[in-house]
Structure formats: structure tokens, C-alpha cells
Amino acid sequence: MTPPAQTPDGDNWLLTPGPLTTASAVKRAMLHDLGSRDHAFIALTQRVRGALLRIANGNAAHTCVPLQGSGTFAVEALLGTLLPRNGRLLNLVNGAYGRRVTRICGLLGHQCRELVEAEDTPINPAQVDRALAADGAITHVHVVHCETTSGILNPLPAIAAVVARHGRALFVDAMSAFGALPVDMHTPALHAIAASSNKCLEGVPGISFVVSRTDALAAAAGNAHSLSLDLHDQWQVLERNGQWRFTPPVQCLLALDEALRDLEQEGGPAARLQRYQRNCSVLREGMAAMGFRAYLDAAVQAPIIVTFLLPQDPAFHFDTFYAGLNRRGYVIYPGKLTGRDTFRIGCIGRIDEGVMCGLLDAVREVLTDMGMKLPLGNK
Ligand SMILES: *Cc1c(COP(=O)(O)O)cnc(C)c1O
């Protein structure tokens, strides 16, 4: 066996939906202590908020509110703060992250109606149109931009256009899209998006954030069900004195600041998207050549994470496959679909097509070690 392929920092490559392989400079940026009330930290917070707002094409009518915690914290804070208690949500679901929103609404006691689509099918704007026409009590719509469960891309602009035509407001979980796929706060009906530091932004985990229309946030005073997840309060304190309400993840923010500089240097989200698209097509083509079947049609695949069906061959054991790749320096991810046996390989993080080619070689080796013949003969 060839020695394991490792990152410049001696770790395995993380081909997962996050946390991801990050640049050395991003990790090195964390080797400092900063007081959370210090002017340097206040300036850092402002800089990062500004950079995130610019990525979302926000202006003076929008604001970015960072929050301690993983991405789900921001989704829950968004729903708890921006969905009024007497609001009614239409939740567009084609995967586990959409289902999570329903669960959050249940815990918050918010009215939530699901429009469910199959996990391999994008949300259909015409169905959203019918659902909104049929239920005038719906005030807000929620959609997941890239459903990381399968890796499918939902047609955000077309959905937003329908929501706008009905005069309702749109929330977007842009978690696995933000920083690569375009997200524009000027999209009609779009009130707020939630995302986090450790996906396409290529920072370390620990910070989530909401970019919101300022008027929507201002109108949400007193809505929140929770002190720590009160976006309005977090925003007010940040605006008043530049400080986070509670202990901020200082080193995460230092890393995110560096990661945002990296993103700009790469050429911004459009350039990053191109790198991810290249990773994704090298991966899909290489796996197809070995006989693996991708779960999604290429036409609906976001270049974020690819789901593959488990080979039907009785010689194939996922745990052996996973461990063999791990020993060779590549960490992949189990599947998350309901009712299909799958695994996933991520295209995001500080990785390029060279890493993807190395992974494909490792897959070939591991399959051979398992006694399987290539290409796989699964139907
Ligand atoms: C990663 C992700 C989240 C948040 O997950 P956390 O584990 O809380 O960071 C939410 N929605 C989508 C679509 C995601 O990909």
C-alpha cells in the first residue's frame, strides 16, 4: 500500500459535508488570544460581518448577525426570531435538513405545513404556487438551497419568484451553498438566510450566522422563544457596542476572517464554485468509470456533495470500504437518505481535482483488496 495521502498539515482529507479540510493559514490564524471586549476583536467582528454581508450581496437594508454554535443554531434562531408566533410556515422538504425545520417549528409551537418532494427531485415551483394559492394563512416559506442529504440543488430564484408573487416572505437554509453558489439578498421575497463558517466558506466550525433584511429583524423584537437564540437581541447588542452578548468563539472568528480573505483571493464565490464544479465532475466521472451509480441526475446535482448507491456485489462491505479509504488518507461519509443504501463524498473544502484523483486511485485499490472486479457490474 502506498503511504497515506495527507493534507499539508498531516491530516486525512475530509471529503464530507463539514467540518472540512481547511487551509493551513486558516488554522494558524487561531494561534492568538484576544479579549472579547477588546477593540481589536470588535473590529474583527465588524470586518467579518461586513464580508459576509457582501457575499450575500446585502446593502444598508440588510444586516449579518453572527451566533455561537453550529449551523442548526442559526436555523433555529432564524425561525424562533423571524417567524412571528402567529405566523404560519410552508416548509419545502426534500431531505433531512428540511425535515429538521419542521421539527424545530414543532418545538417552538409554530404552525408549519410541509410540502414534501422525493429526495431525488428538486422542489417544484409550480407546486409551491398551488400550495400558496390554496392556503392564504401562510405567511412565510422555508427552503433548503442545497439539500446536503442528497446533494440536490433546489431552484431558489424560481421559488423566490413564486413566493414574491403571493406576497409572502422567504427564509433560506443556505448552509452548504453560501460562499460558492450565488445567494443574493436582493432576491424578491427573500427575508433571511442562515449559514455557517465551516462549509463553503472553508473556516473552522463554531460560528453560524443569519443575513437578514433589517426591517424584518427590527419587527421581530420580543418574538424569540430563547435568550441565547434571540437574533434580535444579539443584533441590537452588536449594533450598540460591537460586542457579542455572550462569550464569542474568538479563535473561530480569527479563522473565519482568514478564510474570508482566502475566498477573496481565490476570486470570490464564482471562482470557488468553479473549483468545486471541477472536483464534482472529476469525482462523478471517475466513479462512473468504475461502475458506481450516482443517486442524482447530473442536471440536479449541486457541486457540493455527491451521493452514490452502494454496489450490489455481495463482496462489498461499506465499513471495510470506509476503513480502507481512511487508511489511505481519505475520509468519506455515510448516506443519509430514507430507504436507499448510499454513501456520500464531498467536493468542498480546501481540496482540488488532484485530491479527487488521489481518492479515485484509493477507491480502485480498496475495491481490488476487497476482491471486486472493475468495473462493478451493478444494474
Ligand atoms: C450542515 C447543514 C446544516 C447545519 O448542520 P450543523 O451540523 O448544525 O452545522 C443545516 N442545513 C444544511 C443544508 C446543512 O448542510
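Each of Gly58, Ala5, Val306 was placed along the dipole of the chain (beta-carbon charges, centred on the mean Cα), and the one lying farthest toward the positive end is Gly58. Eigenvalues of the alpha-carbon gyration tensor of region 117-239, scaled by 5 and square-rooted, set the equivalent ellipsoid semi-axes at 24, 21, 12 angstrom, largest first.
Taken about its Cα centre, region 1-97 carries a charge dipole of roughly 380 debye when the Cβ of each Lys and Arg holds +1 and the Cβ of each Asp and Glu holds -1. Considering the chain as a Gaussian network with a 10 Å cut-off on Cα pairs, which listed residue, Gly324, Gly151, Gly222, attains the greatest mean-square fluctuation? Highest fluctuation of the listed residues: Gly222. Considering only Arg168, Arg113, Arg130, the mean-square fluctuation computed in a Gaussian network model of the chain, springs between alpha carbons under 10 angstrom, is largest for Arg130. Remark on region 91-186: ratio of C-alpha radius of gyration to 2.2 N^0.38 Å is 1.01. Compactness of region 284-343 is given as radius of gyration and Dmax, 11.9, 33 Å, from Cα positions.
Over region 120-167, the alpha carbon radius of gyration divided by the compact-protein estimate 2.2 N^0.38 Å works out to 1.16. Calculated [222 nm] ellipticity per residue, helices only, for the chain: -12500 deg cm²/dmol; basis is -39500 (n - 2.57) per DSSP H run with n ≥ 4, divided by all residues, nearest 500. One equal scatterer on each Cα of region 180-308, no solvent, Debye formula: the resulting log10 I(q)/I(0) at q = 0.12 Å⁻¹ is -0.66. As a rough guide to protection, the peptides 136-142, 334-340 ranked by mean Cβ packing within 10 Å, highest first, stand as 136-142, 334-340. Basic side chains Lys and Arg get +1 at the Cβ, acidic Asp and Glu get -1 at the Cβ, and with that the dipole of the chain about its Cα centre reaches some 420 debye. For the residues Cys357, Cys252, Cys105, a GNM of the chain with alpha-carbon springs under 10 Å puts the largest fluctuation on Cys357. Helix 231-241 and the longest principal axis of the Cα set of the chain meet at an angle near 70°.
Please list log₁₀ I(q)/I(0) at q = 0.10, 0.21 Å⁻¹ for region 1-150, using the Debye equation with identical point scatterers on the alpha-carbon positions. Result of the Debye calculation: -0.56, -1.35. Each of Leu253, Ile123, Asn198 was placed along the dipole of the chain (beta-carbon charges, centred on the mean Cα), and the one lying farthest toward the positive end is Ile123. Computed over the Cα atoms of region 1-69, pair by distinct pair, the Kirkwood hydrodynamic radius stands at 15.4 angstrom. Between the residues Leu83, Phe292, His142, the greatest Cα displacement towards the positive end of the dipole of the chain, with unit charges on the Cβ of Lys, Arg, Asp and Glu, is found for Leu83.
Please report the antiparallel percentage of the DSSP beta bridges confined to the chain, to the nearest 5. Antiparallel: roughly 50 percent of the beta bridges in the chain. Computed over region 301-379, the P(r) curve from all C-alpha pair distances, binned at 5 Å from the origin, holds 3, 14, 24, 28, 20, 10, 2 percent per bin.
Treating each Cα of the chain as one equal point scatterer and applying the Debye formula with no solvent, the log10 of I(q)/I(0) at q = 0.10, 0.14 Å⁻¹ comes out as -0.65, -1.18.
Read-outs: derived from the displayed coordinates by stated rules, not from any lab. Not measured: the values here are computed from a predicted model. Note that each Cβ is placed from the backbone with ideal geometry, even for glycine, and that neighbours are counted across all protein chains shown.
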